[in-house]
Structure formats: structure tokens, C-alpha cells
1. Quick one: would you say Ile71 is among the hydrophobic types (A, V, I, L, M, F, W, C), within 19 Å of Leu119 (Cα to Cα) and in a strand (DSSP E or B)?
2. Take the conditions of a type in the set (A, V, I, L, M, F, W, C) and in contact with a Phe, Trp or Tyr (Cβ under 7 Å, 6 or more places away or on another chain) and apply them to Ala136. Does it pass?
3. Do the conditions hold for Arg10, that is, is it under 14 Å from Cys130 (Cβ atoms) and either loosely packed, with under 13 Cβ neighbours inside 10 Å or among the charged types (D, E, K, R) (or both)?
4. Among what's in the range 102-143 and is under 30 Å from Ser89 (Cβ atoms) and in a helix (DSSP H, G or I), pick the residue that is farthest from the chain's Cα centre (by Cα).
5. Just to be sure I understand the filter: pairs with C-beta atoms under 6 Å, separated by 6 or more residues or on different chains, first member in the range 117-130 and of a type in the set (Gly, Ala, Ser), second member modelled with pLDDT of 95 or more and buried (at least 21 other Cβ atoms within 10 Å of the Cβ). Which pairs pass?
6. Would the range 34-43 turn up any residue that is more than 18 Å from Arg155 (Cβ to Cβ) and surrounded by 17 or more Cβ atoms within 10 Å (Cβ to Cβ)?
7. Can you pull out the residues in the range 161-178 that are in contact with a helix residue (DSSP H, G or I) (Cβ under 6 Å, 6 or more places away or on another chain) and either closer than 17 Å to His41 by Cα or of a type outside the set (S, T, N, Q) (or both)?
8. On the basis of being surrounded by fewer than 15 Cβ atoms within 10 Å (Cβ to Cβ), touching a strand residue (DSSP E or B) at 6+ places or on another chain (Cβ under 8 Å) and at pLDDT 95 or above, does Val51 make the cut?
Amino acid sequence: MAIKLTWWGRQFIEALESQMDAGRLSRGRSYSGPQRIMEFHVEGNVVTATVKGNINYYFDVTETPYYDVNIQFKPLSKATWKRAVKCISKRPAMMMRLFSKELPFDIEECFSGRNISLLPRNPSDIKGECSCPDWANPCKHIAGVYFRLGEVLDRDPIRLLELRGMDFNHLLSELQKTPLGNALALSLMQERAMAKEIMPRKWVFPELSPKRRIRAGQRLNTDVFSFWFGGIDKGEEFSGDCLRLRKRLLTPPVAHAIHLKKEGDSPPFWQKNASFLEAMEEVYSLKKKGF
């Protein structure tokens with residue numbers, strides 16, 4: 001079974017491979033789909049699932065078995081989270097991504113320490129249990145749930161923070177208490193408010209004399225700028241609402257593509273391995289030539 005994991009999903013699986021049998025873990029690829037995992041829930045730092053097993057007459061398993069899987073993540077200590085908040089508060093780019101509901105790729109740098117990591121790189125960071133008779137860990141059922149969780153982290157990497165014991169809203173609240181965090185949060189709130197405002201429309205239709213009526217198929221002598229701004233020529237002075245509109249359009253935003261960023265780096269409709277935000281950031285950037 002081919003599983004397409006993007007950055008965070010791959011990082012999660014690679015972290016598990018570094019501290020457990022990679023061969024046994026790879027068996028879970030064929031057990032991560034909906035035909036195997038009947039139920040799947042993530043609540044706080046606990047992941048629970050019901051996985052469909054196989055009939056095995058050799059072991060006298062004559063009916064389809066269903067096994068219960070329980071995975072618990074070890075929450076990071078309050079002292080660790082306090083140090084992480086202090087580190088993030090000194091990095092504007094990292095903080096802005098968090099305020100935009102993104103998990104920065106380099107956030108692990110703020111958790112560097114002896115046997116401390118945001119991803120589960122140590123055996124004590126994660127504990128998996130299964131009701132199947134396989135004594136080894138991970139069994140193929142637990143491994144299947146790991147791969148399903150990797151897909152979840154692809155779509156919503158913020159869940160990784162919650163798995164390690166930090167409520168995301170509480171983290172944002174702690175960051176906003178810092179001077180830089182407070183300034184960035186206010187700036188982003190203003191940017192979002194501007195994005196929600198309804199742009200004023202001011203259509204200007206030329207008054208044509210009977211001799212200047214437009215014939216079918218005739219092309220108007222205009223340009224794209226005049227089309228979008230209601231017939232106002234580039235050389236004319238803007239006044240009133242049009243002046244404010246032009247100022248908004250020519251002022252670089254605090255964060256590009258806000259409406260897209262709120263969906264995260266891997267929204268459900270995005271099926272490619274590449275980052276959705278990286279692919280669309282340049283498209284929605286206002287820093288275009290000639291504008």
C-alpha cells in the first residue's frame with residue numbers, strides 16, 4: 001500500500017524508526033487504511049483505534065478478529081514548555097507561523113536538550129499497546145495506527161503539540177504575553193480584519209453619444225487596470241474610497257495568503273507530496289512585477 005506522507009508525516013515516522021524496529025514498523029503500511037482501521041480517535045495525548053486482524057486457522061482463529069490499540073504520548077514537562085516559549089518568543093518568523101496556525105519546520109530547535117524532543121525520538125516518549133497475541137512491539141496493528149497518525153499530522157501538524165501536552169490556544173496565549181508576541185498578534189489581527197472588509201465598488205460607465213454606440217464585436221480601448229477599478233485611468237489622482245483602496249493594495253501584508261494559511265500546510269483536498277502553502281505562497285503574494 002502506497003502512503004503519501006509529506007514533511008511532518010515523514011518526520012514522525014523517521015522519529016519512530018530511530019527508536020524501534022524499522023522492519024516491524026514498515027509492516028504497518030498495509031494496516032493503516034480504512035479497510036483495516038475500523039475506528040480511530042485522538043484525544044489529548046492518547047490515540048485509540050480498533051484494527052481488523054486476519055483469520056488464521058493454524059492458530060484456531062476461525063472468525064475475523066478485531067484488536068484494540070492504545071497509544072500514549074509522554075507529555076513534556078512544564079519547564080520544557082516554558083523554555084520552548086522563551087525560545088520561540090525570540091524568533092519572529094517562527095512566532096508568526098504559529099499565529100497563522102502553522103507548525104514551523106524548525107520548531108524542534110526550541111526543544112533541543114538532553115533526551116528532550118518534540119517528536120517521539122526516545123523509547124520513553126511513546127507507549128503502544130495492542131490486544132493481539134503478538135508479544136513484540138510494535139505489532140503490525142500498532143504500526144498501522146502509527147502510519148494513520150502520520151497522515152493526521154500531515155493534515156494538522158498542530159496536533160503534535162497537543163500530543164506532547166500543550167494546548168495550542170494556551171501556547172498562543174503564552175506567546176502573546178511577550179512583547180514581540182503581543183506586537184505580532186495585533187498586527188495579524190489588523191491584517192485579518194482588513195481581509196474581511198468588503199471592498200467598496202464604484203462602477204463608472206461612460207456616457208456614449210448615439211454616434212459612439214458600441215457595435216457587436218467591437219473592442220473597447222481600455223486596459224486591465226481600468227477594468228478592475230471602474231474606468232479610472234492610471235494617471236488620474238485617486239480620491240476618497242479609491243485612494244484608500246489603492247493604498248491597501250500597494251501595502252505589503254504582514255502575512256501573505258492568510259485565507260489559505262488558516263487551512264494548514266496539507267488541507268484535505270491537497271493530494272500532492274509538496275507543501276500546499278509553499279506552492280501557493282508565490283501565487284498569492286502581492287509582490288508581483290508591475291503592480
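The values are calculated or read from the model by the stated rules, or taken from the named source; none is laboratory data. For clarity, every value in this text was computed on a predicted model and none was experimentally measured. Here the Cβ is made from the backbone with ideal geometry for all residues, glycine too, and neighbour counts use every protein chain on show.
1. The answer is yes for Ile71.
2. no
3. Here the answer is no, as Arg10 does not meet what is asked.
4. Filtering the range 102-143 for residues that are under 30 Å from Ser89 (Cβ atoms) and in a helix (DSSP H, G or I), the one farthest from the chain's Cα centre (by Cα) comes out as Ser124.
5. Gly128/Ile71; Gly128/Ile142
6. yes
7. Result: Leu161, Met166, Phe168, Glu174, Leu175.
8. No.
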